[in-house]
Every structure is written in structure tokens, then in C-alpha cells.
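**Student:** One structure coming up, written as C-alpha cells, with questions to follow.
Since every read-out is calculated from the coordinates, none of them should be taken as a lab result. Computed from a predicted structure; not experimentally measured. Backbone-built Cβ (ideal geometry, glycine too); neighbour counts: all protein chains shown.
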Amino acid sequence: MIHVQELLKKHQDVSAWRVSETATRSYELFFVHRKLETVRATDTASIHATVYVDHDGFRGDSSFALSPAMTEKDAEEKIEAAVRRAKMVNNPFYELPEKGEMQSELPTNMQDADAKTLGKQIADAVFAADDQEGGSINACEIFLYRDTKRVQNSRCVDKSQVTHRVMIEAIPTFTDEKQSVELYEDYRFTEFDPAKITEEIARKMAEVKDRCSAVKPPVPMSVKVLLRPHEISELLENLCWSLNYSAVYSHANPFKIGDQIQQNAQGDPLTLTMRAVIPGSEDSAFFDADGMALTDTCLIEKGEVKNYFGSNRFGQYLQIERPSGDLQCGSLAPGSVSMADMKKQPHLECASLSGLQVDLYSDYIGGEIRLAYWFDGEKTVPVTGITMSGKLSDALNGMLLSKETTVQGPYEGPAGMLLPEISVL
């Protein structure tokens, strides 16, 4: 095994270095319909190194990957090539994170589970939802992962963390006398809850059936739009990007500290906090790619920008005394209205979009709707083949957030966001 750290220490032109190692053990199940076709176990490892070269008042950097098959000579050649590239990079100087040792494990209820037993329990929870006449789960793949990530650098940082996570990929299908429709489901978690898995797959089974009967509603119309967690997360991602140190440093941030994102809000105030750890989210971490300790940071409080966040490098460029680190998870405070009350009024609930489109500069929110549920005050009809568009500022000012919360991907927060009147075509 190559000890690239020792080779980096010896190279006279390397001013600083960082080495990231990832080891992943997996247990994988592949089903066709309900039949288990393949079981596979893997054990993989990867190493990435970054060299920093100080020259002419600048700090250049360059990264490269190493494989277990490489010899020491191969590694030395990789380092030499990276040094040459780094000498052509003219970044303002910044220091790497200094000191800190950690061996940690992210919270989960799966750390002591037997992979074979847990895999079967997950499969049983998935196929418990496969009970719809005309519907089936054509294919299902279940991946159980145990990741160990370690970051070391030349300034005495040596941190590692273990993450247990599961990914389910399923293809729910529904067939009637006219057509057959498929949907793709990608469900990830770090906390095993069989009832929640069955509920999620059952929802997708219902949606694929509704895709078969969905119609185009009478358009154009102006209607309240109910967003689900995936789209809420996409909206927040855009807001977060604008408050990242790198966006601020490059003057690409439309909002500054003290700005009101919601002007004369008529709905629920927006309070958004970036967090290191959200139980249930595989994006949780105690430190970032630089080995920088992550610090929870409130970005927006009741509609007002309070802080920026981001990596050690750009935090130093902005002269932030204690950078937050490159946080990945966002927590949105719950709102004032229950999901049941939201759904009492006429609305369009978006179940599947081609992607939520958000433009902070042109004040736009919209997207192509593949499946939604139109409630006219009396009945609910599945609809498709429509697009929505509106002013982002109006949407933020008048939005209502649900009291009920959930975790999906890097997002924790309300299960629903009801936007005021949006144009639908």
C-alpha cells in the first residue's frame, strides 16, 4: 500500500497537502419483479490527494487520484505532474485547516444490523406496497453501504467518519388496456423504518397508476400550487447558493446580510439553517472535504439574511473569523398550517416536475409539470402536460408552510409549501 503522505512530505516544492481516503463496503440485492436474481457484496477504496504550491505570492493547487495497483514510482510521477499544474494556478493565499483529530460515526439505527437480514427486511417493506391490481414493481435494486471517509493534511488534521446508508431504486409500473407507464423511484435513508419505506413505494405505485389516467386541465388558469419536499429542497438550494462564501466573494450574490428576502410577507416567515447533521440524511457530516469542522449556521431568520456559509478557503478570503465549513444539509422551520387545511382550498399539488426552475436575478419560479393533482374545491383529478410560472418574490411573500415536517435528501422541514396564485399553462 502506497503511503502518499510520506511522499508528499519529502517533495521540496509541495508547500502543503491534503489526502482523502474513502472505503466502502456494500451489500446489494437485485430483483426482477419479486424474484431475487443477484446478490453482490463489494469492498472498494479510493484515494485522492491535493498538492498546494506557493509561488509568486499565490497558492496553486492540483488534485489527482491513486489506485491500489500503483507503485511508489507511479505515485511520485503523479505528484510531480500535480506540482507542475499547481504552479500555473494563481489563487490568493489561504491556510489549510489546522490541527484536529476525530474518529466518529454518524447517527443511525443500522450500525449493528446484519446486512443479509436487513436487506431482506428492506425488500419485504418494498414489496409490501406491490399490491395494486394492474400495477407491479418491475425491477428493484437495494444497496446497503458502509462508508468510511478519512481526511488528513499537512497541518495535523486527521479525521474520519463512518456513514451507514441505504439506496433503493425501483421501477413501479402500471398497465391498462391502452398503455403501460413506468416511473423511477430513488429513495435514500440512514434510519431504517419499514413502514416509511412501504408508504413511500405505495405513493409511487399510486402515482404511476394516475399517470395513465391523467388529463390536461382547462388552461390557462391561476391557482395556488402545493410543492412537496423535493421541490422545496430545490428552491432552498438556490437561496443557499446565493449566500455561499464563494458567491459572495465573486459578487454573484443577489442578497446580502440584512436584506429582507420576503418583503411585506403575507404568509409564513422563512427561517433556514444549514446543519452539519440531520438524522436520516446521508448528506450529514461532522467535517467537510477539507477536514474543516462543520458549524450549524442560521442563514435566514424570519425572512432576513443573517449569515453566509461555506468553505475554509472562501471564508478566509472574506476574512470570516471562523468559517462554517462546507455544510450540505438545510433545515427549514415548520409553518403555521396543517397539510389537511392546505388541501381544503382549490390547489394544484405537484407530484412530479422535470425540475423546479428558479432564477433569483429575473425573479422567476416555474417548471414543467409531468404529474399533479388538481383539486377544484370538490374533486381531485390527476393532470399532466402543463407548465407553471410566476414571480419568485410573490411566491416567497405569500407562501404557507406546513406544520408537519419530513427529511428527504439534504432537506429537513415542512412536508408542504403552498404558493400563492401561480400561472399554469
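**Student:** How much mean residue ellipticity at 222 nm does the chain get from its helices, if each DSSP H run of length 4 or more adds -39500 (n - 2.57) and you divide by all residues, to the nearest 500 deg cm²/dmol?
**Tutor:** Roughly -6500 deg cm²/dmol at 222 nm, from the helical runs in the chain.
**Student:** Working from the pairwise distances between different alpha carbons, so that the mean of 1/r is found and then inverted, what is the stretch 1-71's Kirkwood radius in Å?
**Tutor:** Hydrodynamic radius (Kirkwood, Cα only) of the stretch 1-71 equals 15.2 Å.
**Student:** Counting other beta carbons within 10 Å of each residue's own, what order do His48, His251 fall into, fewest first?
**Tutor:** His251, His48
**Student:** Excluding same-chain residues fewer than 8 positions from Lys302, which lysines have a Cα within less than 25 Å of its Cα?
**Tutor:** Lys224, Lys256, Lys343, Lys391, Lys403
**Student:** In what sequence, highest mean first, do 147-154, 103-110 appear when ranked by Cβ atoms within 10 angstrom?
**Tutor:** The densest-packed peptide leads the list: 147-154, 103-110.
**Student:** A follow-up question, please. Radius of gyration and Dmax for the stretch 371-425's Cα atoms, expressed in Å?
**Tutor:** That works out to 13.3, 36 Å for Rg and Dmax.
**Student:** In µm²/s, what is D for the stretch 4-213 at 25 °C and 0.890 mPa s, where D = kT/(6 pi eta Rh) by Stokes-Einstein and Rh is the Kirkwood radius from Cα pairs?
**Tutor:** 120 µm²/s
**Student:** Any idea what the alpha-carbon Rg over 2.2 N^0.38 Å comes to for the chain?
**Tutor:** Relative to the rule-of-thumb radius for its length, the chain sits at 1.11.
**Student:** A further question on this structure: Can you tell me how much longer the chain between Ala195 and Lys87 gets when fully stretched, taken as 0.36 nm per residue apart minus their C-alpha distance, in nm with one decimal?
**Tutor:** 33.4 nm
**Student:** Follow-up question, since we're still on this one. Quick one: divide the alpha-carbon radius of gyration of the stretch 53-120 by 2.2 N^0.38 Å and tell me what you get.
**Tutor:** Compactness ratio reported: 1.84.
**Student:** Find the Cα radius of gyration of the stretch 173-264, compare it with 2.2 N^0.38 Å by division, and give the number to two decimals.
**Tutor:** 1.63
**Student:** Okay, next question. Membrane-span-like helices in the chain: DSSP H runs reaching 27 Å or more (Cα, own axis), mean Kyte hydropathy at least 1.0?
**Tutor:** TM-like helix candidates: nothing returned.
**Student:** Please list 370-379, 76-85 highest first by mean number of surrounding beta-carbon atoms within 10 Å per residue.
**Tutor:** 76-85, 370-379
**Student:** Related question: Roughly speaking, what is the centre-to-centre gap between the stretch 18-62 and the stretch 321-359 when only Cα atoms are used, to the nearest Å?
**Tutor:** 31 Å
**Student:** With springs connecting C-alpha atoms under 10 Å apart, model the chain as a Gaussian network and identify which of Asp363, Asp112, Asp296 has the largest mean-square fluctuation.
**Tutor:** Checking each option, the largest mean-square fluctuation is seen for Asp112.
**Student:** Run the paramagnetic zone check for Glu321: 7 angstrom along Cα to Cβ, then residues of the stretch 97-114 with backbone nitrogen under 11 Å.
**Tutor:** Once the point is set 7 Å along Cα→Cβ of Glu321, nothing inside the stretch 97-114 turns out to lie under 11 Å by backbone N.
**Student:** For Met70 and Ser393, compute 0.36 nm times the residue count separating them, minus their Cα-Cα distance, and round to one decimal in nm.
**Tutor:** Fully extending the segment from Met70 to Ser393 adds 110.9 nm.
**Student:** Then there's this: When you count, for each residue, the other Cβ atoms within 10 Å and take the mean per peptide, how do 184-192, 316-324, 266-274 rank with the highest first?
**Tutor:** Per-residue Cβ counts within 10 Å, averaged per peptide and sorted highest first, yield 266-274, 184-192, 316-324.
**Student:** Quick one: plug the Kirkwood hydrodynamic radius of the stretch 270-358 (C-alpha pairs) into Stokes-Einstein at 4 °C, 1.567 mPa s, and report D in µm²/s.
**Tutor:** Translational diffusion coefficient: 84 µm²/s.
**Student:** Semi-axes of the equivalent ellipsoid for the stretch 115-257, please: Cα gyration tensor eigenvalues, times 5, square-rooted, ordered largest first, whole Å.
**Tutor:** 36, 29, 11
**Student:** Using 1/(1 + (r/R0)^6) with R0 = 22 angstrom and r between the beta carbons of Thr44 and Asp158, what's the FRET efficiency to the nearest 0.05?
**Tutor:** Approximately 0.50, to the nearest 0.05.
**Student:** Stokes-Einstein diffusion coefficient for the stretch 293-425 at 4 °C in a medium of 1.567 mPa s, Rh from the Kirkwood formula over Cα pairs: what value in µm²/s?
**Tutor:** Once the numbers are plugged in, D ends up at 76 µm²/s.
**Student:** Stretched out fully, how many nm does the piece from Gln263 to Asp13 gain, at 0.36 nm a residue minus the Cα gap?
**Tutor:** Once the chain is fully extended between Gln263 and Asp13, it gains 84.7 nm.
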